[in-house]
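Input: a single structure, listed below in structure tokens.
The values are calculated or read from the model by the stated rules, or taken from the named source; none is laboratory data. Since the model is a prediction, treat every value here as computed from it, not as a measurement. Here Cβ is always computed from backbone atoms with ideal geometry, including for glycine, and neighbour counts include all displayed protein chains. Remember, those area values only see protein heavy atoms, side chains included, never the ligands or the DNA or RNA. Shrake-Rupley method; radii C 1.70, N 1.55, O 1.52, S 1.80 Å.
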Amino acid sequence: MAGPAISVAASMVLGGVLIAAIGRDPFEVYQKLFVDTLGNTYGIGQVLFKATPLILTGLSVAFAFRAGLFNIGAEGQMTIGAFASAWVGFTFTSLPWVILIPLCVAAGFAAGAFWASIAGYLKARFGSHEVINTIMLNFIALALVSYLVNNIYLVPATIHTPEISPNAYLHRFDELTGLFKGSPFNLSFVIALLACCLMYYIIEKTPTGYRIKTLGLNRNAAVYAKMNPGRLTIAAMAIAGGFAGLGGLNFVNGYKHYFEIGFTENAGYVGIAVALIARNNPFAIIAIAVFFGILEYGGLTVNTIVPKEIVTILQGVIILMIITLTRYFDKKLKLKTA
């Protein structure tokens, strides 16, 4: 854990130098950033709201990594999943909540899983690289959903679909408990936590998870053990895509209650950094996603003092330094134990 901790500290120092270079007080900026995000329940709710889709896209990338696959397609998978959840929500409006909410969740997971399985099939059948496949599928997903929204399901004078049924809402915590008052923090966070537990259970407690780990560690060993790498590749990508597909619930069912073009805010790509820094550990992903949530919402709170882009630069520096220094400390540890 030394690598990430030292990396974050060093990044904050570099960020402070950058803030000072534009004529602002780094201590004032950092104080406002952390006080406004963690110093009140509204700020905490905003942070957890921002962290929710990052947990799910981080899980998506991490699960594929465990199979030795690099899933760059969480952005597209989340978009497809969110649209599917919204479609179910505004189509089957007469269903009671006890049926409609699980149906929206299942639709989001299934749509994301289907989209990711396309890349898995192309990898398994033709050997085409999943990085290229998932990148291209991101573009296709965005174009397909844009066509459906703009030409079939558009609400006039907007860029979103009709609203989902109230029976499909994932209620905000301030409505249920009175906590986090005014923030959009909602029950999709519970789904994200359950997804972390599900990933742990699949990977660590099931035969399929054992096979997926074997494939990721040594493909030749998986073949020698008479496992089916093709099926495992498709299955791993499908499950990974399903996790990403659930990421849209936070916006569609928990916040705006409709699908809107461009709602993802690059959460699919930030999820790659979350998974890498968390080393594909589903529970560490929660902590890393919350940290990125602090930076994302914090960037808005300090926008009156410094440009929000400063916080974006800080995010990039943190990612680069964590990846670099973590590898450095890993090498030192291996030398000591050798």
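Rounded if a/c is under 1.5, else prolate if a/b beats b/c, else oblate: with a ≥ b ≥ c from the C-alpha gyration tensor eigenvalues square-rooted, which is region 186-266? Mind showing how you got there, number by number?
Working: a/c = 4.24, a/b = 2.33, b/c = 1.82.
Judged from the Cα gyration tensor, region 186-266 comes out prolate (a/c at least 1.5, a/b above b/c).
Where nothing but the Cβ of Lys and Arg (+1) and of Asp and Glu (-1) is charged, how large is the charge dipole of the chain around its Cα centre, in debye to the nearest 20? Present the calculation step by step, with values, prior to reporting the outcome.
Details: 22 positive and 14 negative charges, 301 e Å.
That gives a dipole near 1440 debye.
When ligands, DNA and RNA are left out and all protein chains stay put, how many square angstrom of accessible area per residue does region 1-70 have with a 1.4 Å probe?
Numbers: 2940 Å² over 70 residues.
Accessible area per residue, region 1-70: 42 Å².
Which entry is the computed P(r) over Cα pairs in 20 Å bins from 0, in percent for this structure: [x] 30, 56, 14, 0; [y] 21, 23, 19, 15, 11, 7, 3, 1, 0; [z] 31, 60, 9?
Comparing each candidate, only [x] matches the computed number.
Quick one: with all protein chains in place, what share of the accessible area of the chain is carbon or sulfur, to the nearest percent (1.4 Å probe)? Can you show the working numbers first?
On the way: 10530 of 15800 Å².
On the chain, the fraction of accessible area on carbon and sulfur atoms equals 67 percent.
Once fully extended, how much extra length lies between VAL13 and LEU194, figured as 0.36 nm per residue of separation less the alpha-carbon to alpha-carbon distance? Don't skip to the answer; put the middle values down first.
Details: separation 181, 0.36 × 181 = 65.16 nm, distance 3.57 nm.
The span from VAL13 to LEU194 would gain 61.6 nm if fully extended.
Give the total of Lys-Lys pairs in region 116-269 with Cα-Cα distances below 18 Å; include a pair only if its members are 8 or more places apart or on different chains.
Values: LYS123/LYS213; LYS181/LYS256; LYS205/LYS213; LYS213/LYS226.
Value for region 116-269: 4.
Once you list every other residue whose beta carbon is under 15 Å from the beta carbon of GLY89, what net charge do they have if Lys and Arg are +1 and Asp and Glu are -1? Before the final figure, lay out each step's value.
Details: positive: LYS256; negative: GLU163, GLU260.
That works out to -1.
Given a 1.4 Å probe and heavy atoms of the protein chains only, how would you sort PHE109, PHE139, largest accessible area at the top? Write out the running numbers ahead of the final one.
Values: PHE109 65, PHE139 135 Å².
So the residues, ranked largest to smallest area, are PHE139, PHE109.
Where a ≥ b ≥ c are the square roots of the eigenvalues of the C-alpha gyration tensor, would you call region 126-278 rounded, which needs a/c under 1.5, or, failing that, prolate if a/b is larger than b/c, or oblate?
Working: a/c = 2.76, a/b = 1.55, b/c = 1.77.
Note, shape of region 126-278 comes out oblate.
Just going by the charge dipole of the chain, with Lys and Arg at +1 and Asp and Glu at -1 on Cβ, which of LEU100, ILE164, GLN315 is farthest out on the positive end?
Result: GLN315.
Taking a spot 7 Å from the Cα of LEU176 along the direction of its beta carbon, which residues of region 93-112 have an amide N less than 17 Å from it?
Within reach of a label on LEU176: 97-106.
Setting aside same-chain residues fewer than 8 positions from LYS50, which aspartates and glutamates have a Cα under 19 Å from its Cα?
Within reach: ASP36, GLU75, ASP174, GLU175, GLU260, GLU265, GLU296, GLU309.
Taking a ≥ b ≥ c as the square roots of the eigenvalues of the Cα gyration tensor of region 158-223, is the shape rounded (a/c under 1.5), prolate (a/b larger than b/c) or oblate?
Values: a/c = 3.98, a/b = 2.36, b/c = 1.69.
Prolate.
Between region 186-211 and region 291-306, what is the separation of their alpha carbon centroids in Å?
The two parts, judged by their Cα centres, are 30 Å apart.
Quick check on the chain: helices-only [θ] at 222 nm, where DSSP H runs of length 4 and up contribute -39,500 (n - 2.57) each and the sum goes over total residues. Nearest 500, please. Intermediate values should be presented prior to the final figure.
Numbers: 14 runs with 247 residues, N = 338.
Computed ellipticity for the chain at 222 nm equals -24500 deg cm²/dmol.
Under the 0.36 nm per residue contour assumption, what length would be gained going from the current alpha-carbon distance of HIS129 and ASN218 to full extension? Walk me through the numbers before you get to the answer.
Working: separation 89, 0.36 × 89 = 32.04 nm, distance 1.73 nm.
Contour length minus the Cα-Cα distance gives 30.3 nm.
Once you keep just the Cα pairs under 8 angstrom separated by 6 or more residues, what percentage relative contact order results for the chain?
On the way: 603 pairs, mean separation 120.9, N = 338.
Reported relative contact order: 36 percent.
Within 13 Å, Cβ to Cβ, of SER183, how many net charges do the neighbouring residues add up to if Lys/Arg are +1 and Asp/Glu are -1?
Numbers: positive: LYS50, ARG172, LYS181; negative: ASP36, ASP174, GLU175.
My count for the surroundings of SER183 gives 0.
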